[in-house]
Amino acid sequence: MTIETYRKYRRILKNTEYKGKLVPYDWGRLPPKLYFAWMPYSQMFDEFSRELANSLNALTGYTHQLAAWRDLLEPMNQQQKIDVAVEFVTPLATVALNMPYAIKSRFIFAAAHLSHQANKTKQTGTWKDDLPMDGEIWFDSADFYGKPWKRYNALKRKIERIGAKDYTQATNDFRNSYNHRFSPRIVIGVSNFVNRKVDKTTSQVSYGFGYSPALTLSIIVEALEKQCDLMYQAFLAFQELVREQEAEIITKNTEYLAIIEK
């Protein structure tokens, strides 16, 4: 059953439309000869741009694979769906559903660090290395250090759309409930039988009884495809921010090298 099912999946995958795209690697333009002040930026950019591309390209691939599983599961009976979900689909879908939040956080982290380093070009002699510790970097940090850069706000708007309310609602808040409570099932099954509610006005407590249905692959694939599209837009905006910062760094780098080479 398992081997034959996987063979069918591979055949369907081969013919499933690839709706995503791969974001690029190795697109930085800083010169090979750098004044030492720009080395942190250069090394951070190399790592951050590569890992962002790795993450986004991985999610694109996972979404494509889930689309193939969706088409394979459609005609199956309940027991067959359970078998495939346990063996193949649930682990893949769980990782994919959690990734938009992770990638959003990585965009913010990269923007904060790179902007902080690039600000040396605008604060010559007064630059202070006061970026919060890595575990404390969120939008407020990226906003503060990205403020001097014209392209930052465009990037922020793109990032804010990733994993936003529409994704949370479409996936029944899967990412948050999976990591902090008990999440909806995937493909088949029910969960969330009892809900405790507290009235904000009266503080009265009540309990609701029912269930949350499973997230089908049709729902999951549609939601992830939309997230991938938003991430492609954010990646382009990230490139634009980096281009702006590179231009300033290249100018300053030329000036500093000319001074020390006299």
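The values are calculated or read from the model by the stated rules, or taken from the named source; none is laboratory data. All figures in this text were calculated on a predicted structure; none of them were measured in a lab. Backbone-built Cβ (ideal geometry, glycine too); neighbour counts: all protein chains shown. These accessible areas exclude ligands, DNA and RNA; they are computed on the full protein's heavy atoms, side chains included. Shrake-Rupley method; radii C 1.70, N 1.55, O 1.52, S 1.80 Å.
Leaving out ligands, DNA and RNA, and with a 1.4 Å probe, what % of the accessible surface on region 1-148 is carbon or sulfur? After summing per-atom areas, the C and S share lands at 53 percent. Sparsely packed loop sites in region 1-92 (the GluC sites (Glu not before Pro) outside DSSP H, G, I, E and B with at most 13 other Cβ atoms within 10 Å) comprise Glu17. For the peptides 182-193, 57-68, the ranking by mean Cβ contacts within 10 Å, running from highest to lowest, is 57-68, 182-193. Build a GNM of the chain with springs between Cα atoms under 10 Å apart, and of Lys14, Lys252, Lys156 the one that fluctuates most is Lys14. Taking every protein chain into account, the accessible area of the chain amounts to 57 square angstrom per residue (probe 1.4 Å). Applying a threshold of 24 Å to the alpha-carbon distances of Lys33/Lys158; Lys165/Lys226; Lys104/Lys252; Lys156/Lys226; Lys165/Lys200; Lys21/Lys158 flags Lys33/Lys158; Lys104/Lys252 as lying beyond it.
Straight-distance candidates among the lysines for linking to Lys81, with alpha-carbon spacing under 17 Å and chain neighbours fewer than 8 residues away dropped: Lys8.
For the set Ile250, Ile259, solvent exposure ranked by accessible area (probe 1.4 Å, protein chains only) runs largest to smallest as Ile259, Ile250.
Using the average count of surrounding beta-carbon atoms within 10 Å as a protection proxy, the listed peptides 35-45, 111-121 rank, highest first, as 111-121, 35-45. Under 15 Å of direct C-alpha separation, and excluding same-chain neighbours fewer than eight residues apart, Lys122 reaches these aspartates and glutamates: Glu244, Glu246, Glu248, Glu255. Beyond 31 Å, what share of the Cα-Cα pairs of the chain remains, rounded to the nearest whole percent? For the chain, the share of Cα pairs beyond 31 Å comes to 41 percent.
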